[in-house]
Amino acid sequence: MQQLRNLVYPVLTWLIMVAAVIVVCVVGYGALWPTKLVLPWSANGVSPFQGFYAIQTDDVGPYRWSKTDSTIRIAGVADHTMSIMQLIVSDSGRPVPVSLRSGSLVVTTIVAQQTRHIALLLPLIHANVDTTVHMYAPPFVHPADERQLGVRVRSVTLLMASSNTLALSWLGVLLWVALIIWVSAWLLRAHRVVVWLSGVLGAPLLFAGAIIINASMTAAWLMSWALVLPLVPLLIVVMRWLRLPTVVQSAVAFWVAVRLLLVVYPAFDGHDFLIHAKRLGEFHRLQSLTLLDHPFEFSGRPALILPLFYWLSDALARVVGLDLAMHVVIVCAESLLAVVVWLILRQCQVPARTAIIATLLTLAMPIATAILWWSFMPQVLAHLLAFVVIYATLRRDRWGAVLAGVAMAGVVWTHIGEVLIVAVWYSAVRVSEPDRGSAAWWWRWLPTVLLPLSATSLYVNYVYTLFHSEPTAARIVPFRFANMLAQMKEGLAVGFAPIAWWITPLLALVAWRRLPQLAPAWAVTVVFWLGVELITGYQVRYGYLAVPLIAIGLAYCLTPLTRYGRAGWVFALTIVLFVTWVSLALWVDATLLGVHPRVDGLSH
């Protein structure tokens, strides 16, 4: 009975809190909904319309003809910070300019043969103070009517919203954010005091921070948080199902939350966001499965633009809008990469302590900040799928082969650069397997070969285009071997910062020696595409692929220090926290201050 109570009471508490937040949100939005006042056409009492003829009726409904100079008088009944007057004006037999004036505000629009809906944002309306809107239209005389007519006005409506109701709406959003923080802390099995304090203090602190950063954008920022932050507890549930350690769950949840909180800042757009938004529009306009572009990385040769990322973003955009959709997809993909790295390391029997440190370093490497700011969106998603391919391959069972085939098909439909990377990496992993040549080994090739064949026609057409086209002027600087070596050195220095560039080969060698099941194939893939770039100038961002490998090598170096008591732990944690601090500082600068990170580490 006690166990049943322990199970039921937390669930009931959670449901009651959700219901309370929903009620507050509904009441808040209901109070925020503007008051609608339809001005009466009737002549009974004092009419708000002066300079209008009597009511007439046609097939559409009642209307009034205005005179040359007409007036609409609105009696002030309460303070309203935002009032919109909406007029429905029908055709008047000829195009006519209609001028509306209220105080110093003057608006002119053309009314032609069609019905027009005109909205006029009025100045502040104070209680017991009338607001007057003057309407002027050049007169004309209809052949069947001797009156001087202006325009045919069908209705006048006033929408009024008061700033006094905004606080209630914000309260609902803040309670929703507090509930998300509380649920996330509870799912992470934090102490009871920490759970409640996180919910009570977290949302007000975020709200205060939003006001300090940019008070004018606080409302839009809060609404974006309410839309995207529920992803955090959902990801925690997935990680609990995968049985990840609590420290890994907490680190992933922290990075997802930080990246989501700042990536939805209303003044932030990723560098290439507009390019991807334009491509999505081209997919819709051309009704095509692929597009062609001429990027710098391919030396001006045509590159195939594949649709999977754009399909996912388009579907999510129906709910949260295109800007949020595209950025949320890449934030989740980049953060989940660390989860897949953890699964790969545990599949390779790497000790838990080493795997945890490697996962934390993979999450915190500043190159993730760079790729999120530059918004290489399809590649981020394809990069995650490529790591899923390798994890599934390392399982060496039937379902692992199927998962590898599905993930490989996802890469094939997402980004051509990652297709080239994963083809070499997967082949190197398979060739290094101890049972190569056996019947089971050959059968495990089947899904990864058959499922990607779904994109065969796309690639056949692309290869034909590639061999029958000339490079464009995309590569401004001519390719020279000496220049390339200098650029690669700079790319290593930036891509693996704050780790010194000359240490990275040593860390890769450490990973090679300690992780023989995977690291050799991993390093061979990086070196292969490095050689391709040196010879041809083609770039597939192999440096981005090498980042988790370097993190694993550094984790193997730091783990032995933890055996030397508190001093060893302090030193190892200092390294991890230093890398984390650099990445956080870059992310804040990039999203809030517009200081873009360097792209050198992502250009090789």
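Of all residues in the stretch 111-145, how many are at pLDDT below 80 and closer than 17 Å to Arg94 by Cβ? Total meeting the criteria: 11.
How about the stretch 217-291: which helices (runs of 4 or more DSSP H) wholly inside it have at least 1 residues that are polar (S, T, N, Q)?
Here the list reads 218-228, 246-263.
No other residue among Leu261, Leu227, Leu291 is at pLDDT 90 or above and under 30 Å from His415 (Cβ atoms) apart from Leu261.
Every residue, every condition in (1) surrounded by 24 or more Cβ atoms within 10 Å (Cβ to Cβ); (2) under 28 Å from Gly594 (Cα atoms); (3) within 14 Å of the chain's Cα centre (by Cα), yes or no:
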{"position": "Leu308", "(1), (2), (3)": "no, no, no"}
{"position": "Leu312", "(1), (2), (3)": "no, yes, yes"}
{"position": "Leu322", "(1), (2), (3)": "no, yes, yes"}
{"position": "Ala325", "(1), (2), (3)": "no, yes, yes"}
{"position": "Cys332", "(1), (2), (3)": "no, yes, yes"}
{"position": "Gln349", "(1), (2), (3)": "no, no, no"}
{"position": "Arg353", "(1), (2), (3)": "no, no, no"}
{"position": "Leu363", "(1), (2), (3)": "yes, yes, no"}
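Listed by position, the helices (runs of 4 or more DSSP H) contained in the stretch 352-417 that have at least 3 residues being closer than 12 Å to Leu337 by Cα are 352-364, 377-395. Look at the stretch 236-263: where a residue is closer than 18 Å to Ile344 by Cβ and a partner is modelled with pLDDT under 95 and charged (D, E, K, R), sitting 6+ places away or on another chain with Cβ atoms under 8 Å, you get Gln249/Arg240. Among the residues that make up the stretch 87-97, is at least one of them farther than 17 Å from Leu158 by Cα, charged (D, E, K, R), at pLDDT below 80 and surrounded by 15 or more Cβ atoms within 10 Å (Cβ to Cβ)? Among the residues of the stretch 87-97, at least one is farther than 17 Å from Leu158 by Cα, charged (D, E, K, R), at pLDDT below 80 and surrounded by 15 or more Cβ atoms within 10 Å (Cβ to Cβ), which makes the answer yes.
When we screen Ala338, Ala317 for residues that are part of a helix (DSSP H, G or I), crowded, with 22+ Cβ neighbours inside 10 Å and small (Gly, Ala, Ser), the only hit is Ala338.
Residues that are at pLDDT below 75 and within 23 Å of Met365 (Cβ to Cβ) number at least 3 in the following helices (runs of 4 or more DSSP H) confined to the stretch 451-566: 481-495. List the pairs whose first member sits in the stretch 425-439 and is more than 25 Å from Tyr544 (Cβ to Cβ), whose second member is part of a loop (DSSP other than H, G, I, E, B) and modelled with pLDDT under 85, and whose Cβ atoms are under 7 Å apart, counting only residues at least 6 apart or on separate chains? Between residues of the stretch 425-439 that are more than 25 Å from Tyr544 (Cβ to Cβ) and residues that are part of a loop (DSSP other than H, G, I, E, B) and modelled with pLDDT under 85, there is no close pair.
Please verify whether the stretch 540-550 includes one or more residues that are farther than 30 Å from Pro302 by Cα and either without any contact (Cβ under 8 Å) to a residue 40 or more places away in the chain or not assigned by TED's automatic domain parsing to the domain that holds Glu418 (or both). Taking every residue of the stretch 540-550 in turn, none turns out to be farther than 30 Å from Pro302 by Cα and either without any contact (Cβ under 8 Å) to a residue 40 or more places away in the chain or not assigned by TED's automatic domain parsing to the domain that holds Glu418 (or both).
The values are calculated or read from the model by the stated rules, or taken from the named source; none is laboratory data. What you see is a predicted model, and the numbers here were worked out from it, not measured in a lab. Cβ atoms come from the backbone with ideal geometry, glycine included; neighbour counts cover every protein chain shown.
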